[in-house]
Amino acid sequence: MAGFSLRPCGDFRTTYRQDTRIFDTTYIRNAAILGIFAVAMIPFVLDGYYVNLFIQISYFAIAALGLNILVGFTGQISLGHAAFFGFGAFASAWINNTTGIPVLLSIPLAGLMTAAVGMLFGLPAARIKGLYLAIATLAAQFILEDFFARAEWFTGGSYGAAANPINVFGYEIYDDFSFFYVALFFLVVMYLLGTNLMRTRDGRAFVAVRDHYLSAEIMGINLTKYRLMSFAISSFYAGVGGAMYGHYLGFVSAEGFTILLSIQFLGMIIIGGLGSVKGTLMGTVFMVLLPEVMESGVSALSIFEWASSTAVTDGLAYIKEMAIGLAIILFLIFEPDGLAHRWQQIRAYWKLYPFSY
Amino acid sequence: MNFELLFQLLLNGLIVGTLYGVVAMCFVLIYKSTQIVNFAQGEFLLIGAWVCYAFLVEMQMPFWLGFLFTLLFMMAFGVVLQMVVLRPMIGEPIISVIMVTIGLSIFFQAATKWIFGATTATYPQVFETRSVNLLGMQIETAYIMSFVISLFIMAGFYWFFKYSKLGLAMRATAFDQQVAQSLGISVKTVFAMSWAISALVSGVAGIVIGMVNGVSSALSVIGIKVFPAVILGGLDSIVGAIVGGVIIGLLENTAEFVDGQYLHWGNLFSIAPFYVLIIILCIKPYGLFGTKDIERI
């Protein structure tokens, strides 16, 4: 939203094509490609703990990008994203277990199923917005959670559902090392799709609906259609992310998809920056690493007596939860535009150093 | 058909419903005067109940003194919260405001679990007799007390907004902030006061429910149950909040009855209000008594 370009003076864009480039300069594009290659080296360099963290980041980041398309780009608030994430996980396991469709295909199919469910719960969005929509999606969260616990044919009820590992051309992916590349592949594809979506007519319509829905309607944008479409795309992303989560863990249980996870998704996009694809990734990294950093922080502080007391060690789960809440509040008060904006500022600072005119 | 059970459940629904009504009223109070949707309303109940518990059990105070201190604490808590967290949020988009209160909600929920533990605690016995016989039914004394207190709070609200000077100032601010300010009303004070009153009354509701069911993090669920109630009644109507609360309370217990007697699905009572919520939002988004927004470019 609030981003400013770092192009030098006199560098004007003369065609529309130039204006909608994904990467501002060739240098940035090359850096991004190099970055992907560097990430692909992680399993060779770092140990399993970091590989596991990256896989977590990738499935959460896919789902969070979906939420950002809905909240950040279209301006519709959803408090039920975790339920759609969970639905995707169950749907993929169910498709694979009942029909025998290979997992690699059942993941996008689960995404489509979730998109259908998302559209169903997005129907109120045709009439309501803002706060009312937030409350409607809150209801969707509880209704879907109840459904997970109840629908034994679909989710296995309280026992949960088993999800098979991914199978690529006869090669079964069961360890973190190979799953890492599947996760990276999905992450890159989904993020490219998301970035490109924002350059299309539909993506611009989303932004118009967010910025002023009445004006958008006057300009001929069909509000109902685009709001529903945004819900569908958002749920699709959630479903794909959820399906990956399910097949990674090998087991899906209904307890994991509570309102707290929905709030964490919202926290990711707020901390990263609403309406920023890059920010979504940053926010997810922040949100996944926050509890890990706190845990290692506490163990590093255990040389002090107060940090190794039972109050701290037993309450670590609660302290992590408090940290999530606190991070959301502090970001909203001090950096409402998120990490993406902060990143821009840091870059501008160094680009103009030492004359920050 | 088991009429006795139905009647008992409906009576429960009425009593629980008035409590929902009280909490919904607090929610509406904040929304009306400061335009902030408070997702942390349930945590106010939780904090009120735990603080009172700390005063009564850990400091061994007599009930009236502990209760009084809790009220003072909740008032200060509301004011401080408004000043520190919510005041910077004025003029921010609605998503930020919602997220800040959601952040507060998970923060306080985790904090109370950390400080007071995750297990249910019970207050010392306040009444001599546990239950009384009314029209051939056994009713817990605490239930009757909660009903009386709820009615008392509602009457208090009525008096406050109708006759007291601060109440009039709050109504004026809710109507139009600029006009109120130009007439010499301190909008800042009004904002702080509405949070203080809301926290205080929610705290009382928390103590009352804590006396009946024990104090645990389950109290904050009431904060979620408030949404069906306020949407049903209309988001900016205090009368609507009470009516909505009672209807949701009755509905929950009717759902429990239907579920227990006929359907045997289990858990229907906790999910039924949300189905109702979705239906209302689809057909009548501004609720029974809410004012319909008209938007202009």
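Results, tabulated for the structure shown:
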item	result
Tabulated pairs, the range B:265-282, first facing chain A (nearest Cβ under 7 Å), second part of a loop (DSSP other than H, G, I, E, B), C-beta under 9 angstrom, 6+ apart or interchain	B:281/A:127; B:281/A:128; B:282/A:127; B:282/A:128
Scan of the range A:133-152 for residues that are open to solvent by 10 Å² or more (accessible area, probe 1.4 Å) and of a type in the set (Phe, Trp, Tyr), ordered by number	A:142, A:147
The range B:277-287, residues that are farther than 19 Å from residue B:175 by Cα and over 19 Å from the mean Cα position of the chain (by Cα)	B:278, B:279, B:280, B:281, B:282, B:283, B:284, B:285
Among residues of the range A:201-225, those that are open to solvent by less than 60 Å² (accessible area, probe 1.4 Å), within 20 Å of residue A:276 (Cβ to Cβ) and either without any contact (Cβ under 8 Å) to a residue 60 or more places away in the chain or not small (Gly, Ala, Ser) (or both), counted	6
Complete set of residues in the range A:337-357 that are in contact with a helix residue (DSSP H, G or I) (Cβ under 8 Å, 6 or more places away or on another chain) and open to solvent by 50 Å² or more (accessible area, probe 1.4 Å)	A:343, A:356
Matching option when the condition is of a type in the set (Phe, Trp, Tyr), within 27 Å of residue B:121 (Cα to Cα) and touching an Asp or Glu at 6+ places or on another chain (Cβ under 8 Å), among B:227, B:269	B:269
Yes/no for residue A:286 being open to solvent by 60 Å² or more (accessible area, probe 1.4 Å) and not polar (S, T, N, Q)	yes
Only one of B:19, B:6, B:45 that is open to solvent by less than 40 Å² (accessible area, probe 1.4 Å) and touching a Phe, Trp or Tyr at 6+ places or on another chain (Cβ under 6 Å)	B:6
Any chance residue B:77 is more than 22 Å from residue A:324 (Cα to Cα), touching a residue at least 12 places away in the same chain (Cβ under 8 Å), more than 12 Å from every other protein chain (Cβ to nearest Cβ) and open to solvent by 10 Å² or more (accessible area, probe 1.4 Å)	no
Hey, residue A:239 within 22 Å of residue A:142 (Cβ to Cβ), in a helix (DSSP H, G or I) and open to solvent by less than 40 Å² (accessible area, probe 1.4 Å) or not	yes
Test result for residue B:279, surrounded by fewer than 19 Cβ atoms within 10 Å (Cβ to Cβ) and under 21 Å from residue A:135 (Cβ atoms)	yes
For residue B:237: the one exception among (1) among the hydroxyl-bearing types (Ser, Thr, Tyr); (2) open to solvent by 30 Å² or more (accessible area, probe 1.4 Å); (3) under 16 Å from the mean Cα position of the chain (by Cα); (4) more than 27 Å from residue B:50 (Cα to Cα)	(2)
Every residue from the range A:133-156 that is within 8 Å of chain B (Cβ to nearest Cβ) and out of contact with any Leu (no Cβ under 6 Å at 6 or more places or on another chain)	A:135, A:140, A:142, A:143, A:146, A:149, A:150
Any chance residue B:13 is in contact with a Cys (Cβ under 8 Å, 6 or more places away or on another chain) and farther than 30 Å from residue B:174 by Cα	no
Extreme residue, most open to solvent (accessible area, probe 1.4 Å), among residues of the range B:252-264 that are within 14 Å of chain A (Cβ to nearest Cβ) and part of a helix (DSSP H, G or I)	B:263
Tally of residues being farther than 21 Å from residue A:318 by Cα, out of contact with any helix residue (DSSP H, G or I) (no Cβ under 7 Å at 6 or more places or on another chain) and facing chain A (nearest Cβ under 9 Å) across the range B:85-117	2
Whichever residue in the range B:193-219 is among the hydroxyl-bearing types (Ser, Thr, Tyr) and open to solvent by 10 Å² or more (accessible area, probe 1.4 Å) and, among such residues, is farthest from residue B:41 (Cα to Cα)	B:216
Residue under evaluation residue A:259, criteria (1) open to solvent by less than 30 Å² (accessible area, probe 1.4 Å); (2) over 16 Å from residue A:58 (Cα atoms); (3) touching a Phe, Trp or Tyr at 6+ places or on another chain (Cβ under 9 Å); (4) within 12 Å of chain B (Cβ to nearest Cβ), criterion not met	(1)
Test result for residue B:223, open to solvent by less than 30 Å² (accessible area, probe 1.4 Å), part of a helix (DSSP H, G or I), in contact with a helix residue (DSSP H, G or I) (Cβ under 8 Å, 6 or more places away or on another chain) and away from chain A (no Cβ under 13 Å)	no
Residue in the range B:25-32 that is in contact (Cβ under 8 Å) with a residue 60 or more places away in the chain and surrounded by fewer than 22 Cβ atoms within 10 Å (Cβ to Cβ) present	yes
Residue B:82, sole failed condition from (1) at the interface with chain A (Cβ under 9 Å from one of its Cβ atoms); (2) open to solvent by less than 10 Å² (accessible area, probe 1.4 Å); (3) among the polar types (S, T, N, Q)	(1)
Test: residue in the range A:188-199 that is closer than 17 Å to residue A:84 by Cβ and in contact (Cβ under 8 Å) with a residue 12 or more places away in the chain	yes
Filter pass, residue A:130 being within 14 Å of chain B (Cβ to nearest Cβ) and at positive phi	yes
Residue tally, condition at pLDDT 90 or above and outside any loop (DSSP other than H, G, I, E, B), over the range B:31-46	6
Criterion (closer than 24 Å to residue A:83 by Cα, of a type outside the set (S, T, N, Q) and surrounded by 20 or more Cβ atoms within 10 Å (Cβ to Cβ)) met by exactly one of A:162, A:183	A:183
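The values are calculated or read from the model by the stated rules, or taken from the named source; none is laboratory data. Source: prediction; values computed, not measured. Here the Cβ is made from the backbone with ideal geometry for all residues, glycine too, and neighbour counts use every protein chain on show. Surface accessibility is based on the protein's heavy atoms, side chains included, excluding ligands, DNA and RNA. Shrake-Rupley method; radii C 1.70, N 1.55, O 1.52, S 1.80 Å.
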